[in-house]
1. Count, please, the residues in the stretch 74-95 that happen to be closer than 20 Å to R239 by Cα, part of a loop (DSSP other than H, G, I, E, B) and of a type in the set (A, V, I, L, M).
2. Filtering the stretch 150-175 down to residues that are in a loop (DSSP other than H, G, I, E, B) and surrounded by fewer than 20 Cβ atoms within 10 Å (Cβ to Cβ), which residue is nearest to the ligand (Cβ to nearest atom)?
3. Is it the case, given these coordinates, that T93 is among the β-branched types (V, I, T), near the ligand (Cβ under 9 Å from one of its atoms) and surrounded by 22 or more Cβ atoms within 10 Å (Cβ to Cβ)?
4. Find the helices (runs of 4 or more DSSP H) located wholly in the stretch 210-321 whose residues include 2 or more that are buried (at least 17 other Cβ atoms within 10 Å of the Cβ) and within 13 Å of the ligand (Cβ to nearest atom), and list them.
5. Within the stretch 102-120, identify whether any single residue is assigned to a loop (DSSP other than H, G, I, E, B) and away from the ligand (no atom under 16 Å from the Cβ), and answer yes or no.
6. Hey, among G145, G128, G140, which residue is free of Cβ contacts under 8 Å to residues at least 12 places away in the same chain, assigned to a loop (DSSP other than H, G, I, E, B) and away from the ligand (no atom under 15 Å from the Cβ)?
7. Taking into account only those residues within the stretch 15-51 that are in a helix (DSSP H, G or I) and either modelled with pLDDT under 95 or within 26 Å of the chain's Cα centre (by Cα) (or both), which is surrounded by the most Cβ atoms within 10 Å (Cβ to Cβ)?
8. Please work out which residue is nearest to A109 (Cα to Cα), limiting yourself to the stretch 176-191 and to residues that are under 23 Å from the mean Cα position of the chain (by Cα) and not in a helix (DSSP H, G or I).
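The values are calculated or read from the model by the stated rules, or taken from the named source; none is laboratory data. What you see is a predicted model, and the numbers here were worked out from it, not measured in a lab. All Cβ positions, glycine included, derive from the backbone under ideal geometry; neighbour counts span all protein chains shown.
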Amino acid sequence: MNKRIVVYKTLSPALLERLQQHVAVTQVDLTASDGLARLREVLPGAHGLLGASLPLGSDLLDLAPDLQVVSSISVGVDNYDIPDLTRRRVMLTHTPDVLTETTADTGFALLLASARRVVELANWVRDGHWHKSLGPAHFGTDVQGKTLGIVGMGRIGDALARRAAAGFGMRVLYHSNHRKPDAEARHGARYRSLDALLGEADFVCLTVPLSASTEGLIGARELALMKPGAILVNIARGRVVDEAALIEALRDGRIGGAGLDVFEQEPLPADSPLLRLSNVVATPHIGSATHETREAMARCAVDNLLEALAGERPRYWVNPF
Ligand code: NAP
């Protein structure tokens, strides 16, 4: 047992035990007040890192000259400078596939909650306002039979398209870097330019990774192209949307509402104007947050890390060299 790893996310006892059979494990609690200082202390000598939600900049990587692998418990890899890791010959691995269905469920939950005003009206009942049967002021909008526009037809986009077409009889449009003949054949999805999709969809769901090409992809111009009353769902990353422009479009009633799981700043500050808008459903980045899926992601990350340290090619290697 000569390899040392640092784990900076809570693992189940079973996974921790599995790791400890192969490598020396140091755990760091990044939620503790001295968490980051403790991480800096243990980085020298670390061969592997396993965790999530921590931007790993060169200031931290410089402290870990022996590092061979960063195993991220996430599919998104926007917290990492991939060219820098490759230059250092540090493998980066991630956990796609196991979270696809759960994240698509989150997208649909936000879509339905926004369309049917579930959170707003549940709070209204809780606050004691339900004294007589409802009128049009409290009606929502139908989902079934409407048009869903998916921006980013990858794994999660495809799972959303399946739900929309098979479960809700929706017409599915999509925009991606490349056309997806499989999704077209299986879900009847139609390719559109981004502008055309925005102009035709009743619901727009974002499922692109955050990258230089997607940062600010949806700004004031794009929001203005959306159909009046359309609903935006973001389960990708907050910075894919210009949040200030979104707040304006929601305030002005330019669009009907938004279901948001991700934000420019997370945790979302309590004074965010988004939280004062009744047509916003905001969830705390729960895309993959179920017991089953988080355990499956952690298992996948452990496998990736052990494969990398054993000198094998990890299955989910982001920056092969
Ligand atoms: P994926 O399979 O790689 O799909 C991403 C899709 O986005 C690809 O099909 C890609 O198109 C498309 N794309 C990339 N850049 C684009 C651009 N500039 N314009 C249009 N389309 C573009 O990834 P995934 O597994 O579905 O995950 C997608 C993202 O969801 C992750 O990166 C992560 O940020 C986010 N996510 C969030 C949560 C959450 O908790 N809310 C959970 C899981 C994932 P091509 O295939 O044509 O290149």
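1. Within the stretch 74-95, residues that are closer than 20 Å to R239 by Cα, part of a loop (DSSP other than H, G, I, E, B) and of a type in the set (A, V, I, L, M) number 2.
2. Filtering first and then ranking leaves G154.
3. no
4. In the stretch 210-321, 291-309 are the helices (runs of 4 or more DSSP H) which contain 2 or more residues that are buried (at least 17 other Cβ atoms within 10 Å of the Cβ) and within 13 Å of the ligand (Cβ to nearest atom).
5. Within the stretch 102-120 (the criterion being assigned to a loop (DSSP other than H, G, I, E, B) and away from the ligand (no atom under 16 Å from the Cβ)), the answer is yes, since at least one residue qualifies.
6. Checking each option against the conditions leaves just G128.
7. We begin by selecting, within the stretch 15-51, every residue in a helix (DSSP H, G or I); these are 15-20, 35-42.
In the following step, the residues that additionally are either modelled with pLDDT under 95 or within 26 Å of the chain's Cα centre (by Cα) (or both) were identified as 15-16, 35-36, 39.
Details: L15: 18, L16: 15, G35: 14, L36: 14, L39: 22.
Going through the qualifying residues, I end up with L39.
8. A189
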